[in-house]
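Supplied in structure tokens, the structure appears directly below.
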Amino acid sequence: MRVAENLNAALHAVLEADPSAYVIGEDITDPYGGAFKITKGLSSRFPDRVLGTPISESGITGLAAGLALCGDAAIVEIMFGDFVALAFDQIVNFAAKSVSMYGSHVPMRMVVRCPSGGGRGYGPTHSQSLQKHFVGVPGLSVYEMSPLHDNRVVLEEMLAAGRPAVFFEDKVLYTRRMHDVGDLFLHDHLAGSGGTAGAARVFLEDPEAADCVIIAPGGMVERAVGAMRRLLLEQEVSCTLVVPSRLHPFDVEPLLPSLRRARAVLVAEESTAGGTWGSEVAHRIHAHLWRDLRRPVTLVHSADSVIPTALHLERSVLVQESTIHDAVLEALRD
Amino acid sequence: MTEPSVALAGSTLPAGDDLDLLLLIRHFELALLDLFGRGELNGTTHTCLGQEYVPVALRGLLGEADHVFSNHRGHGHYLARFQDPAGLLAEIMGREGAVCRGVGGSQHILRDRYVSTGVQGESLPVATGVALHLKRTSPGALACVFIGDGTWGEGAVYEALNLAALWRLPLLVVVEHNGIAQSTPTTRQMSGTVRARAQAFGARHHGVETSDVAAIRRELAPLVSEVRFEGRPLVVEFATHRLGPHSKGDDTRPPEVVRQAEANDWYRRYAEADPARFGAADRAQRERVAAVVAEVAARPPAGWDPCA
């Protein structure tokens with residue numbers, strides 16, 4: 001099953017199970033079914049609760065918050081995650097704040113879906129990974145779609161938490177197969193980390209015994225696994241990849257035993273440089289393990305640059321398989 | 001465009017409970033300015049002096065099933081809904097018994113179906129979501145949003161109006177057009193009119209020129225009913241006056257502008273129209289608020305755990 005099909009099935013399941021659930025967004029109704037076809041079939045089955053909207057990201061995100069305030073569950077599709085900047089006020093100053101600013105817990109069942117990331121030549125305003133801008137907002141969770149996490153479980157977790165979540169979905173991932181980590185590696189889930197769905201792990205034999213641990217969200221899995229394969233076959237370096245579903249709040253404690261044993265720890269993400277999610281994760285790890293680590297956590301991210309459109313230029317800016325590969329070797333050098 | 005003017009209300013005083021509520025809000029706001037002056041309040045606040053009659057008139061048109069969205073200048077809206085000066089003052093003073101445990105303060109309050117937020121225009125899209133919910137689950141109920149003339153500078157207002165008109169949502173937008181956005185006169189921040197803006201979206205518009213509570217209700221009752229049952233959003237624009245500063249001690253208006261606002265104030269008119277009845281009601285509410293201030297100020301601080 002492709003990731004897009006898994007996500008589509010998850011949305012069907014949420015709407016079917018919860019008569020108070022809505023899916024809202026631009027061009028999401030049939031026959032178009034959304035810019036990335038993720039909402040295909042939803043409006044035909046649930047015409048009253050799958051609503052195609054005007055091009056008004058702030059308006060529809062606020063509308064979703066209003067539904068959530070009334071106890072409904074609202075899932076908003078932002079056509080390109082870049083446009084979530086237009087809804088920043090509604091997410092940060094209203095939806096997330098409402099959870100606690102009125103002095104008692106106000107449950108807000110609301111998910112803002114953001115197809116994100118580059119690699120498709122869409123250029124500077126349709127290729128970004130804006131996760132970092134939502135890290136550390138009180139009352140707000142940040143999740144990222146992964147080929148190793150069933151989207152139904154993740155969606156249900158986000159809605160059950162009773163606080164708004166921004167869900168980043170790497171666009172390239174839509175076309176990939178679920179649970180595909182190649183023929184060399186195994187994968188499992190580490191309970192209690194990265195949301196109740198747990199962080200997924202990709203490893204050779206023993207996830208707790210690797211030269212290097214790479215922590216990376218779902219959009220990086222293909223590139224990270226590619227790098228791990230080359231490192232193993234060409235350098236005999238073993239890596240464990242940890243893929244959290246929930247990026248923030250991030251549960252670092254369950255990872256500590258394996259991090260303590262590794263010779264190098266990396267955090268890899270597609271975000272451009274500066275104030276990254278990885279720097280937050282690294283800080284948390286340093287606070288726990290400063291005396292045990294051989295060297296500081298290595299941050300792998302895209303360049304401090306806009307994301308160009310031309311294929312060769314885009315590649316020069318975004319994190320590639322080779323970026324991770326080289327960063328692991330560098331981290332293990334000394 | 002011209003400065004809004006409030007036509008003189010008749011010499012008839014509002015009914016007893018309406019007059020009491022008008023005076024409760026007036027004395028509550030005056031008490032807040034006094035507390036600020038004495039350094040007993042933390043942060044800031046925005047009083048609705050001069051505009052008290054707007055929520056008082058509307059309370060006769062709104063029911064418990066209706067949601068009300070207030071804004072930064074919301075004390076009158078809250079008191080008209082709940083008549084709970086002690087809970088509100090405790091919120092503003094951070095004392096035990098505060099409506100929102102002292103977290104929200106003057107401009108962030110949630111109680112039952114009443115919610116206020118401090119960012120201009122933010123509540124309109126939220127209200128459309130609430131209106132959508134109401135249309136589906138409790139037909140006949142509406143979402144009422146209080147905004148000012150300055151709020152029309154925000155794009156969210158237009159996104160929400162478009163959605164509300166397009167989807168025929170029961171949305172009532174109450175514009176308290178007091179002619180000034182913080183320190184900027186409307187003539188320097190708005191091109192065109194509120195009426196034309198509403199009409200551009202196919203929303204109905206109605207201007208209110210009087211401050212007579214009973215007359216306002218008579219005018220608006222059939223229109224509000226249309227909002228409830230025909231799903232046609234309504235923008236009601238009150239030509240009103242802000243007597244006091246935007247927040248506290250920050251009034252840069254020329255004296256003649258403030259004098260004009262005072263000349264239109266319902267308080268003075270009603271006092272002159274029926275000194276005996278007004279005087280008694282005025283005294284009662286002043287004393288009521290004074291007692292609330294004394295009682296709330298003596299309470300222990302509000303408790304709240306940020307990590308709970």
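Could you work out how far apart the two model spin labels at A:Phe88 and A:His312 are, taking each label as a point 7 Å from the Cα in the direction of the beta carbon, and quote it in nm?
Going from the A:Phe88 label point to the A:His312 one covers 3.5 nm.
How far is it, in nm, from the label point at A:Gln320 to the one at A:Glu253 when both lie 7 Å from their Cα along the line to the Cβ?
Each label point is offset 7 Å from its Cα along the Cβ direction, giving 4.2 nm.
Oh, and also: Over what distance in Å are the Cα centres of the stretch A:198-227 and the stretch B:166-199 separated?
Computed from Cα coordinates, the inter-centre distance equals 55 Å.
While we're here: Between B:Ser183 and A:Asp334, what FRET efficiency follows from the Cβ-Cβ distance if R0 is 45 Å, with the result rounded to 0.05? Don't jump to the answer; show the numbers that get you there.
Details: r = 61 Å, r/R0 = 1.35.
E between B:Ser183 and A:Asp334, to the nearest 0.05, is 0.15.
Could you let me know the centre-to-centre spacing of the stretch A:13-66 and the stretch B:75-145, using Cα atoms, in angstrom?
Centre-to-centre distance over Cα atoms comes out at 28 Å.
Right, here's the next one. Would you mind pulling out the separation of the Cα centroids of the stretch A:263-334 and the stretch B:252-284, in Å?
About 67 Å separates the Cα centre of the stretch A:263-334 from the one of the stretch B:252-284.
Using a 10 Å cut-off on Cβ atoms, rank the peptides B:184-197, B:238-251 from the highest mean neighbour count down.
Highest-to-lowest ranking by the protection proxy: B:238-251, B:184-197.
Counting Lys and Arg as +1 and Asp and Glu as -1, what is the net charge of the other residues whose Cβ lies under 9 Å from the Cβ of B:Ala203?
Values: positive: B:Arg197, B:Arg204, B:Arg232; negative: none.
Net charge in that neighbourhood comes out at +3.
Another one. Suppose every K and R has +1 on its Cβ and every D and E has -1 on its Cβ; what is the size of the dipole of the stretch B:17-297 about the Cα centre, in Debye to the nearest 20? Please report the intermediate quantities before stating the final value.
Values: 30 positive and 34 negative charges, 113 e Å.
That gives a dipole near 540 debye.
Measure nothing fancy, just the Cα-based angle from helix A:277-289's long axis to the longest principal axis of chain A, in degrees from 0 to 90, nearest 10.
Roughly 50 degrees, rounded to the nearest 10.
State which entries of A:Lys97/B:Lys248; A:Lys171/B:Lys135; A:Lys40/A:Lys97; A:Lys97/A:Lys132 exceed 28 angstrom in Cα-Cα distance in the structure shown. Can you show the working numbers first?
Details: A:Lys97/B:Lys248 26 Å; A:Lys171/B:Lys135 35 Å; A:Lys40/A:Lys97 32 Å; A:Lys97/A:Lys132 18 Å.
Beyond 28 Å: A:Lys171/B:Lys135; A:Lys40/A:Lys97.
Further, regarding this structure: Modelling each spin label as a point 7 Å along the Cα-to-Cβ direction, I'd like the A:Asp304/A:Glu205 distance in nm, to one decimal.
Modelled inter-label distance: 4.4 nm.
Right, something else. Given 10 Å bins starting at zero, what is the percent of C-alpha pairs of the protein assembly as shown in each, up to the one with the largest pair distance?
So the P(r) values, bin by bin, are 3, 15, 23, 21, 16, 12, 7, 3, 1, 0.
Right, another one. Taking the Cα atoms only, what angle lies between the long axis of helix A:321-333 and the longest principal axis of chain A, rounded to 10 degrees?
Roughly 40 degrees between the two axes.
Rank these for me by crowding, A:Thr323, B:Thr45, going from fewest to most other beta carbons within 10 Å.
Working: A:Thr323 18, B:Thr45 21.
Final ranking by Cβ density, sparse to dense: A:Thr323, B:Thr45.
Ranked highest first by the average count of other Cβ atoms within 10 Å around their residues, in what order do B:284-292, B:85-93 fall? Walk me through the numbers before you get to the answer.
On the way: B:284-292: 16.3, B:85-93: 23.7.
My ranking of the peptides, most packed first, is B:85-93, B:284-292.
Per-residue Cβ counts within 10 Å, from other chains only, averaged over A:104-113: what number is that?
Mean shielding count: 1.
So, one more: Angle check, please: helix A:221-235 long axis (alpha carbons) against the longest principal axis of chain A (alpha carbons), in degrees 0 to 90, nearest 10.
That works out to roughly 10 degrees.
Please compute, for peptide A:54-61, the average count of beta-carbon atoms on other protein chains lying within 10 Å of each residue's beta-carbon. Please list the in-between numbers first.
On the way: counts 4, 1, 8, 1, 10, 15, 6, 5.
Mean shielding count: 6.
Same structure again: Could you tell me the calculated FRET efficiency between B:Ala263 and A:Asp292, based on Cβ-Cβ distance and R0 = 56 angstrom, to the nearest 0.05?
Efficiency, from the Cβ-Cβ distance: 0.15.
Continuing with the same structure: Could you give the size of the charge dipole of the stretch A:3-175 about its Cα centre, using +1 on the Cβ of each K and R and -1 on the Cβ of each D and E, expressed in debye and rounded to the nearest 20? Write out the running numbers ahead of the final one.
Numbers: 12 positive and 18 negative charges, 40 e Å.
Charge dipole of the stretch A:3-175: 200 debye, to the nearest 20.
Each value in this text was obtained by applying a stated rule to the coordinates, not by laboratory testing. Remember, it's a predicted structure, so these values are computed and weren't measured experimentally. Please note: Cβ atoms are built from the backbone with ideal geometry, for glycine as well, and neighbour counts cover all protein chains shown.
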